[in-house]
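The values are calculated or read from the model by the stated rules, or taken from the named source; none is laboratory data. Everything numeric here is computed off the predicted structure, so don't read it as measured data. Heads up, the Cβs are rebuilt from the backbone with ideal geometry, glycines too, and the neighbour counts pull from every protein chain shown. Just the protein is used for accessible areas: all its heavy atoms, side chains included, with ligands, DNA and RNA removed. Shrake-Rupley method; radii C 1.70, N 1.55, O 1.52, S 1.80 Å.
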Amino acid sequence: MGTIQNSKTYTGKELDNIFFRPMLVGNNAEAIGIRVLYNMPVPTSVHVFRSEGNILQEYDRGWSGSENNSHQQKDITMHKIKAEKSFAAVDYFNTVYESLVCNSDINLEDLTGTELEAAETELFRRAIAESLRTMMWVGQEGVGDYSLFDGLLTRAYADEEATVCDISEFEVTPENITKIFDRMWAESNPELKVLKGEGHLAFFVSSDLYEAYELWLDQHGSDAAYLDMSTGRRELYYHGIQVIDMNVTQHLPIAVREQATYIFLTDRRNLVLAVNTSDYPGSEVRMWYNADEMENRQRATFLAGCDIIDGKLITRGEN
């Protein structure tokens, strides 16, 4: 067998349960590093309630409470998008077959349609997940390869309500990286600082800053540092705040790639990615073999969008 010719179409519950839900809920959603809303009703709205002021009063009869809760509603603009890939038939079979070889539970002498379908699905799902993650960060409407909608970086650096922190005096080196983090924290607004105890604050950084912090940790010769140098680190923290590599430098235009240093500090729940496959007529995933071109094709159609809920909760580096 050198080609895969069975057509497959996922719609409705199959589209949800087999294709999108595994990559957008649970551990996979947490790995994205931000808040993920999947199949929320369209228009997708995020509601934030905050208590303001003192609500304690002397005990007495009657009601003397007031409306001291602030309510903020943010509508996420959803965009109709599609994902498409094509492979030469032989290359496609070899790629799918390779993923099966790596699975010890598969009997390669008796491949069923279900096993091939699962491998095909996983191949396309990984491609969509990575493209969606990159669009979420670096998207800029009408500009470059990721131009379908504005991503979180574009929004964060255009937000007039964000606290702008000047870090231009610091060259990105291991010696300066903690100074950059300290400056970002020192100039953050009180509304953001008070959220530290909830455990959701994060420094979102470009890869050069992330690597500089790893080197800084390596240079501090504790037993833990030596262990980390041998086994690698799953997560980095600075003073209890997670440091997250956005891992998007390779997707930026070549002209700005080497000069691109990004950092902002916010609550992870303040950043939202929304994906919907249930409220858009025509949402589907199709995989089929085109005999005329002798190639395998994959297509997915769905709704997606992202936004920052509260500009006041962003401390943005400016260099």
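Got a sec? Which of Leu100, Leu116 is touching a helix residue (DSSP H, G or I) at 6+ places or on another chain (Cβ under 9 Å) and either farther than 16 Å from Asn296 by Cβ or at pLDDT 70 or above (or both)? Walk me through how you get there before you give the answer.
On the way: Leu100 fails: either farther than 16 Å from Asn296 by Cβ or at pLDDT 70 or above (or both).
Going through Leu100, Leu116 in turn, the sole match is Leu116.
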- Looking at (1) part of a helix (DSSP H, G or I); (2) at pLDDT 90 or above; (3) open to solvent by 70 Å² or more (accessible area, probe 1.4 Å); (4) not aromatic (Phe, Trp, Tyr), which is the only condition Ser230 fails? (2)
- Determine, yes or no, whether Glu214 is at pLDDT 85 or above and open to solvent by 40 Å² or more (accessible area, probe 1.4 Å). yes
- Message: Looking at region 303-317, can you tell me whether even one residue there is on the phi > 0 side of the Ramachandran plot and part of a loop (DSSP other than H, G, I, E, B)?
- Response: no
- Item | Residue satisfying all of: in region 281-317; within 22 Å of the chain's Cα centre (by Cα) and surrounded by fewer than 17 Cβ atoms within 10 Å (Cβ to Cβ); modelled with the lowest pLDDT among these | Lys312
- Message: Need pairs with beta-carbon distance below 9 Å; first residue within 16 Å of Ala202 (Cα to Cα) and in a strand (DSSP E or B) and within region 254-280, second modelled with pLDDT under 90 and open to solvent by less than 10 Å² (accessible area, probe 1.4 Å); sequence gap 6+ or separate chains.
- Response: Leu271/Gly33; Val272/Thr44; Val272/Val46
- Could you check, for region 234-244, whether at least one of its residues is surrounded by fewer than 14 Cβ atoms within 10 Å (Cβ to Cβ) and modelled with pLDDT under 90? yes
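Answer with yes or no whether Met136 is outside any loop (DSSP other than H, G, I, E, B) and within 20 Å of Asn276 (Cβ to Cβ). Steps first, answer last, please.
Numbers: outside any loop (DSSP other than H, G, I, E, B): yes; within 20 Å of Asn276 (Cβ to Cβ): yes.
Answer is yes for this residue.
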- Message: Pairs please, first residue from region 238-250 and acidic (Asp, Glu), second anywhere and crowded, with 16+ Cβ neighbours inside 10 Å, Cβ atoms under 8 Å, 6+ apart in sequence or on different chains.
- Response: Asp245/Val205; Asp245/Ser206; Asp245/Ser207; Asp245/Tyr210
- Note on the structure: Residue count, region 159-197, condition open to solvent by 70 Å² or more (accessible area, probe 1.4 Å), in a loop (DSSP other than H, G, I, E, B) and either closer than 30 Å to Lys80 by Cα or in contact (Cβ under 8 Å) with a residue 60 or more places away in the chain (or both), comes to 4
